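Okay, so here's the structure we're looking at.
The values are calculated or read from the model by the stated rules, or taken from the named source; none is laboratory data. Keep in mind it's a predicted model, so treat the numbers as computed, not measured. Virtual Cβ from ideal backbone geometry, glycine too; neighbours counted across all protein chains shown. Areas reflect the complete protein model, heavy atoms only, side chains present, ligands, DNA and RNA absent. Shrake-Rupley method; radii C 1.70, N 1.55, O 1.52, S 1.80 Å.
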Amino acid sequence: MIKCLVIGLGRIGMLYDNPKYPNQIWSHTKAIKKSKHFTLNCGIDKNSKNLSIFKKRFKKTLAVKSISEVPNDFKTDIGIISTPAKDHYNSINKLLKKIKPSMIICEKPIEFNIKNSIKILDLCKKNKIKLVVNYIRRCDPSASTIKK
């Protein structure tokens, strides 16, 4: 199983999913939990309400307010960054200081600040970590069809 950590348990991290529609997957946490190839081993969010919801949905999964609270011996394969874009650099920087996943999936845009975007790329390259930026859904042909 590929272990995944999610930083940012807001909309795309967790809240887009509606418990009334159990077969629909709209967030990172639910996609991970529904897959037979991945396991969710940590959720991080400074928002107490989001963290509380996460704890109820994912009872046996580590849930903390910050990366600094993650145990020193913690291991994960993929770090998913779904914090606000203005926080991406700080989230990735803190993640790499504490944990070295083999891959980071970052929500779009990678950052609002070009200098921080370059710093993210440099950090990942220096640490030999694959970086993937999630695509923009409004460019998806199905989204255009629905809009029309």
(Q) Which residue fluctuates most in the GNM of the chain (Cα springs below 10 Å): L95, L40, L62? (A) L62
Q) Label K108 and K60 with points 7 Å out from Cα along Cα→Cβ: what is the distance between them in nm? A) 3.6 nm
Q) Between the stretch 53-114 and the stretch 1-51, what's the alpha-carbon centroid distance in Å? A) 12 Å
Q. Just how large is the dipole of the chain about the Cα centre, in debye to the nearest 20, putting +1 at every Lys and Arg Cβ and -1 at every Asp and Glu Cβ?
A. 240 debye
**Q.** Gaussian network model of the chain, springs between alpha carbon atoms under 10 Å - residue of Y16, Y135, Y89 with greatest fluctuation
**A.** Y135
Q.
If the only charges are +1 at each Lys and Arg Cβ and -1 at each Asp and Glu Cβ, what is the size of the charge dipole of the stretch 88-127 around the Cα centre, to the nearest 20 debye?
A. 200 debye
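In terms of the Cα gyration tensor, with a ≥ b ≥ c the square roots of its eigenvalues, is the stretch 7-104 rounded because a/c is under 1.5, prolate because a/b exceeds b/c, or oblate?
Numbers: a/c = 1.60, a/b = 1.44, b/c = 1.11.
The shape class here is prolate.
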Q) Rounded, prolate or oblate: which one fits the stretch 1-48, using the alpha carbon gyration tensor with axes a ≥ b ≥ c (rounded when a/c is under 1.5, else prolate when a/b beats b/c, else oblate)? A) oblate
Q) How do K3, K100 stack up against each other in accessible area, from largest to smallest, with a 1.4 angstrom probe? A) K100, K3
